[in-house]
Amino acid sequence: MARTLISGGTVVTATDTTAADVLIDGERVVAVGSDLGAQAEQVIDATGRLVMPGGIDVHTHMEMPFGGTFSSDDFATGTAAAAWGGTTTIVDFAVPEHGESLQTTAQRWHQKAGPKAHVDYGFHMIVREVNEQTLADMDALVDQGITSFKLFMAYPGVFMVDDASLFRAMSRSGENGALIMLHAENGGPIDVLIQRYLAEGRTDPVNHGLTRPASMEGEATHRAIALAELAGVAVYIVHLSSTDALNAVREARDNGVAALAETCPQYLFLSADDLARPGFEGAKYVCSPPLRPKPHQAELWNGLRSDDLQLVATDHCPFHFKQQKEMGLGNFAKIPNGLPGVEDRYTLLYDGGVRLGQVSLNRFVELVATAPAKLFGLYPRKGTIAPGSDADIVVFDPDTERVLSASTHHMNVDYSCYEGHHVHGVPEVVLQRGQVLVDHGKLLAQAGQGKFLARSRTTL
Ligand SMILES: [Zn+2]
């Protein structure tokens, strides 16, 4: 494979911002510096551009079963959209059928992703019940590079496990080196509220949010952390959406407890006002935890600056408005939960984070690439630009202005949560392991060229 030089740009990592060239040999970066040009056969001009690590989105749901349908992006369309958006690695959630062995689930996810993925990918495994078999499967999967497991404190009768099960899984993770990830909402009282609202005829999408109050996310987050502390392990809270939950994480971290958490673009840029849009429009914004009232946004940004929140992932789980979201017409509880986002995260965080002064450029790189790599066993292979790392690189034009829209995005979903949202910046050239995936809006990646990433255990 030819040597490639990315020349004349500003190389940005989580720690440094440097005018430098990047020399790639084969799949790896071999040098970052100056006067490297004579060694390259191919040159990518990055004058006036930011040269940053490829994004790592550790929370996606491609082709995920939910409520009798499937999320509308499969591994082909979803990973192509990721590439367009500057994300070169995803970690997707494998979902077992009831009673299915986790090993079988992993094989199914390998079969789904392998022939289709345009970018590199790993898996987390969802655990629906904790017993001797699933605990043994966890041990085996950790050895196979599936080193994180998600359990639910919400969705009783579907995914929810009780506190004893959570504690057993956490205790096992202390032995096998896995990281336990939690959907932290107290599903019991939430279900009671849902039934009460429906009985009262309150069926519009806005009620999805009203029946899932932030206090129940705060309570579950606090309980999750207390259980993890009892088990003597770290715990990772997915899609943290509220001040209530953030306060539980902050308090724990201030006391030296290994509580970790992600938030998502929708909690930073959208709010309960969107869920309350007239008619059935709010269904486009139904996800769990729900979008919160606007004052939560500023607190989440505080959390990202202070490292009480370590990273931003998307929880990408798209459903078409027509026919899929519409399954919940007349009953908000039947609206499939989830939003599209894998394509927009990188630019949204740059535009709304860096350009508007919420986070530094280096912190941006940390939030979208470096911290995800470190927490999920991919660093330093992924998540930075340094000799020896995979050449997963975004040549980012920070100045181009564009409008996000379903008419121009590449995700397989018939609406955009950010329709009409004006942003600065575009991933202009996107490389993975030295190969150009996207060049000025043209997809060059092939389905199946993404590789499975066997991840290491998390080391904090
Ligand atoms: Zn999710």
* Single unsatisfied condition, residue 63 versus (1) free of Cβ contacts under 8 Å to residues at least 60 places away in the same chain; (2) buried (at least 18 other Cβ atoms within 10 Å of the Cβ); (3) farther than 22 Å from residue 238 by Cβ -> (3)
* **Total residues in the stretch 9-56, condition free of Cβ contacts under 8 Å to residues at least 60 places away in the same chain, surrounded by fewer than 18 Cβ atoms within 10 Å (Cβ to Cβ) and outside any loop (DSSP other than H, G, I, E, B)** => 9
* Structure fact -> Among the residues of the stretch 210-241, the number that are within 16 Å of the ligand (Cβ to nearest atom) and over 16 Å from residue 181 (Cα atoms) is 1
* Looking only at residues in the stretch 238-287 that are among the polar types (S, T, N, Q) and over 20 Å from residue 316 (Cα atoms), which one is farthest from the chain's Cα centre (by Cα)? -> 255
* To do: Looking for whichever is closer than 27 Å to residue 157 by Cβ, in a strand (DSSP E or B) and within 15 Å of the ligand (Cβ to nearest atom) here; the options are 62, 125. Which one fits?
  => 125
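So that you can scan it fast, the table gives a plain yes or no per residue for (1) of a type in the set (Gly, Ala, Ser); (2) in a helix (DSSP H, G or I); (3) within 27 Å of residue 349 (Cβ to Cβ):
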{"position": "217", "(1), (2), (3)": "no, yes, yes"}
{"position": "222", "(1), (2), (3)": "no, yes, no"}
{"position": "225", "(1), (2), (3)": "no, yes, yes"}
{"position": "239", "(1), (2), (3)": "no, no, yes"}
{"position": "253", "(1), (2), (3)": "no, yes, yes"}
{"position": "262", "(1), (2), (3)": "no, no, yes"}
* Of the conditions (1) more than 16 Å from the ligand (Cβ to nearest atom); (2) out of contact with any helix residue (DSSP H, G or I) (no Cβ under 7 Å at 6 or more places or on another chain), residue 333 clears all except one; give me its number. => (2)
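I need a count of the residues in the stretch 311-348 that are assigned to a loop (DSSP other than H, G, I, E, B) and over 23 Å from residue 425 (Cβ atoms). Reasoning before the result, please.
At the first step, the residues of the stretch 311-348 found to be assigned to a loop (DSSP other than H, G, I, E, B) are 313-315, 317-324, 329-331, 335-338, 340-344.
Narrowing further to those that are over 23 Å from residue 425 (Cβ atoms): 317, 319-324, 329-331, 335-338.
So the count comes out to 14.
In the stretch 292-302, is there at least one residue being acidic (Asp, Glu), free of Cβ contacts under 8 Å to residues at least 40 places away in the same chain and surrounded by fewer than 24 Cβ atoms within 10 Å (Cβ to Cβ)? So that I can check it myself, show each step before the final result.
Pass one, the stretch 292-302, residues acidic (Asp, Glu): 299.
Subset that is free of Cβ contacts under 8 Å to residues at least 40 places away in the same chain: none.
No - not one qualifying residue is present in the stretch 292-302.
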* **Hits in the stretch 427-448 (condition: surrounded by 14 or more Cβ atoms within 10 Å (Cβ to Cβ), of a type outside the set (Asp, Glu) and in a strand (DSSP E or B))** => 427, 429, 430, 431, 432, 435, 436, 437, 438, 443
* To do: Could you pull out the residue among 184, 214, 220 that is touching a residue at least 40 places away in the same chain (Cβ under 8 Å), within 16 Å of residue 148 (Cβ to Cβ) and among the hydrophobic types (A, V, I, L, M, F, W, C)?
  => 184
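Values quoted throughout were computed directly from the atomic coordinates according to the rules given, and no laboratory measurement underlies them. Computed from a prediction, not measured in an experiment: that's the story for all the values here. In this analysis, Cβ positions are derived from the backbone assuming ideal geometry, glycine residues included, and neighbour counts consider all displayed protein chains.
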